[in-house]
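**Student:** Pasting in a structure now, in structure tokens, and then I'll have a few things to ask.
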Amino acid sequence: MTDRPRPLRILGIDTSCDDTGVGIVELADGRVTVLANRVWSQAVHAQYGGVMPELASREHVERIDQIMEGALHEAGLSVTDIGAVAATSGPGLVGALLVGLMYGKGLAQALNVPFHAAHHLEGHIFAAASEAELRAPFLALVVSGGHTHLFDVPRDGEYVLVGATRDDAAGEAFDKVARLAGLGYPGGPAISEAATRGDPNAVPFKEPLKGQSGFDFSFSGLKTAALLAHRAGATAENLAASFQRAAVQTLVNTTVRAATATGRGTVVVSGGVAANRALRDAFATTGLHVVFPGRGLNTDNGAMIALAGAAAIQAGRSASALDGGATAYAPLANA
Ligand code: KG4
Ligand code: ZN
């Protein structure tokens, strides 16, 4: 009788911004399963109307032990069951990143297991590995509060940037339009909810960058048009429905054109905005094989970093040195 290889449990940590995330995945027989995903979303920043980096770092320090304990409990594991550790090293707020990165390195060293430094955007992309095996080639659209990037992934681990926002990130635009319509924060879920009661054709938004030959995005024009419509008396519900329709349309149309141009049949759509129901429904009608992250894995979390770590291990990438630092600016594209 041959011994089956023992399942490898990978613990992932993300402290890149204002969420303290710890997740655990299991890699067994070439398949990954999410065992736990715990996120502490910092509320302290709300009173300032934006993330205060120093407060974020401090709160990560105060919460990370408790979040890790919660993740181990959820997975039914003890810390010695962990066989590898992954943590985000960039991009993000350097002070915030350092908390999770140092914690992850310390844990890996104490347990004497491999450590993998992970890229935050690779984490967002591999969040979708919870739903389907992700093997190149595919396109990856990352739409979050800080990023709107469209990558071609011709080979596993190779990222070619084919388009990006020229101004605001998609999630940032949802947040700003929600704020002006008085719908609260975070704006994405608030817009999505209000949109169910509004008319998507009430405000005639123009498609941004219409006629471009490339695959870039722009949201500042939609934001200005939303402000003008708000001043002209558009209701919050109509504004939400019309803005959401326009934002979804530009994201889907541009991605479909890029898929045609590159010949890719599979598209991964991830990041906070990928939670949007209208966006998911619109992608479902494109005829492409579209993969979204599972529940709770769209916005920042630790399980997506564990999934990126699992992908690195499966691809045979060697472990990271323990003396690598955190980087605020770290492009994923290597071409
Ligand atoms: O991925 P994430 O947690 O943070 C970054 O790495 O930036 O994404 C947060 C963003 C916020 O802008 C939020 O408004 C947006 O994702 N978001 C949504 C939805 N849920 C979250 N946008 C549209 N529709 C949603 N349902
Ligand atoms: Zn993110």
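**Student:** For segment 309-335, how many residues meet the condition of being open to solvent by 70 Å² or more (accessible area, probe 1.4 Å) and either closer than 15 Å to Thr88 by Cα or among the hydroxyl-bearing types (Ser, Thr, Tyr) (or both)?
**Tutor:** 5
**Student:** May I pose another question? Exactly one of (1) open to solvent by 60 Å² or more (accessible area, probe 1.4 Å); (2) of a type outside the set (D, E, K, R); (3) modelled with pLDDT of 95 or more; (4) within 29 Å of Tyr329 (Cα to Cα) is unmet by Tyr48. Its number?
**Tutor:** (3)
**Student:** Testing Ala173 on (1) over 19 Å from Val291 (Cα atoms); (2) within 16 Å of ligand 2 (Cβ to nearest atom); (3) in contact with a strand residue (DSSP E or B) (Cβ under 7 Å, 6 or more places away or on another chain), one condition comes back false. Which one is that?
**Tutor:** (3)
One line per residue, one yes/no per condition, for (1) of a type outside the set (Val, Ile, Thr); (2) over 21 Å from Phe292 (Cα atoms); (3) touching a residue at least 24 places away in the same chain (Cβ under 8 Å):
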{"site": "Arg179", "(1), (2), (3)": "yes, yes, no"}
{"site": "Pro189", "(1), (2), (3)": "yes, no, yes"}
{"site": "Ser192", "(1), (2), (3)": "yes, no, yes"}
{"site": "Ala195", "(1), (2), (3)": "yes, yes, yes"}
{"site": "Asn201", "(1), (2), (3)": "yes, yes, yes"}
{"site": "Phe215", "(1), (2), (3)": "yes, no, yes"}
{"site": "Leu222", "(1), (2), (3)": "yes, yes, yes"}
{"site": "Thr235", "(1), (2), (3)": "no, yes, yes"}
{"site": "Ala241", "(1), (2), (3)": "yes, yes, yes"}
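**Student:** So, one more: Could you please let me know if Leu150 is away from ligand 2 (no atom under 15 Å from the Cβ), open to solvent by 20 Å² or more (accessible area, probe 1.4 Å) and touching a residue at least 40 places away in the same chain (Cβ under 8 Å)?
**Tutor:** no
**Student:** Something else now. Would you pick out the residues in segment 76-119 that are touching a strand residue (DSSP E or B) at 6+ places or on another chain (Cβ under 9 Å) and of a type in the set (Ser, Thr, Tyr)?
**Tutor:** Thr88, Ser89, Tyr103
**Student:** Within segment 85-96, identify whether any single residue is at pLDDT below 95, in a loop (DSSP other than H, G, I, E, B) and open to solvent by less than 70 Å² (accessible area, probe 1.4 Å), and answer yes or no.
**Tutor:** There is no residue in segment 85-96 that is at pLDDT below 95, in a loop (DSSP other than H, G, I, E, B) and open to solvent by less than 70 Å² (accessible area, probe 1.4 Å).
**Student:** Restricting segment 110-132 to residues that are in contact (Cβ under 8 Å) with a residue 12 or more places away in the chain and over 17 Å from the mean Cα position of the chain (by Cα), which is nearest to ligand 2 (Cβ to nearest atom)?
**Tutor:** So, considering only residues that are in contact (Cβ under 8 Å) with a residue 12 or more places away in the chain and over 17 Å from the mean Cα position of the chain (by Cα), the one nearest to ligand 2 (Cβ to nearest atom) is His116.
**Student:** If only one of Val32, Val25 is open to solvent by 10 Å² or more (accessible area, probe 1.4 Å), in contact (Cβ under 8 Å) with a residue 24 or more places away in the chain and either touching a Cys at 6+ places or on another chain (Cβ under 9 Å) or more than 14 Å from Gly104 (Cα to Cα) (or both), which one is it?
**Tutor:** Val32
**Student:** When the residues of segment 180-189 are narrowed to those that are under 20 Å from Arg231 (Cβ atoms) and outside any loop (DSSP other than H, G, I, E, B), which ends up most open to solvent (accessible area, probe 1.4 Å)?
**Tutor:** Within segment 180-189, the match that is most open to solvent (accessible area, probe 1.4 Å) is Leu180.
**Student:** Return the residues of segment 204-220 that are open to solvent by 50 Å² or more (accessible area, probe 1.4 Å) and part of a helix (DSSP H, G or I); say none if nothing qualifies.
**Tutor:** none
**Student:** Give the residues of segment 270-305 that are open to solvent by 10 Å² or more (accessible area, probe 1.4 Å) and either of a type in the set (Phe, Trp, Tyr) or within 9 Å of ligand 1 (Cβ to nearest atom) (or both), sorted by residue number.
**Tutor:** The answer is Gly272, Val273, Ala275, Asn276, Arg277, Ala278, Phe292, Asn298, Thr299, Asp300.
**Student:** I'd like to check something: does segment 124-138 contain any residue that is of a type in the set (Gly, Ala, Ser), touching an Asp or Glu at 6+ places or on another chain (Cβ under 9 Å) and surrounded by 24 or more Cβ atoms within 10 Å (Cβ to Cβ)?
**Tutor:** No, every residue in segment 124-138 fails to be of a type in the set (Gly, Ala, Ser), touching an Asp or Glu at 6+ places or on another chain (Cβ under 9 Å) and surrounded by 24 or more Cβ atoms within 10 Å (Cβ to Cβ).
The values are calculated or read from the model by the stated rules, or taken from the named source; none is laboratory data. These numbers come from a predicted model, not from an experiment. Positions of Cβ are generated from backbone atoms using ideal geometry, with glycine treated the same way; all protein chains shown enter the neighbour counts. Just so you know, the surface numbers come from the protein's heavy atoms only, side chains and all, with ligands and any DNA or RNA stripped out. Shrake-Rupley method; radii C 1.70, N 1.55, O 1.52, S 1.80 Å.
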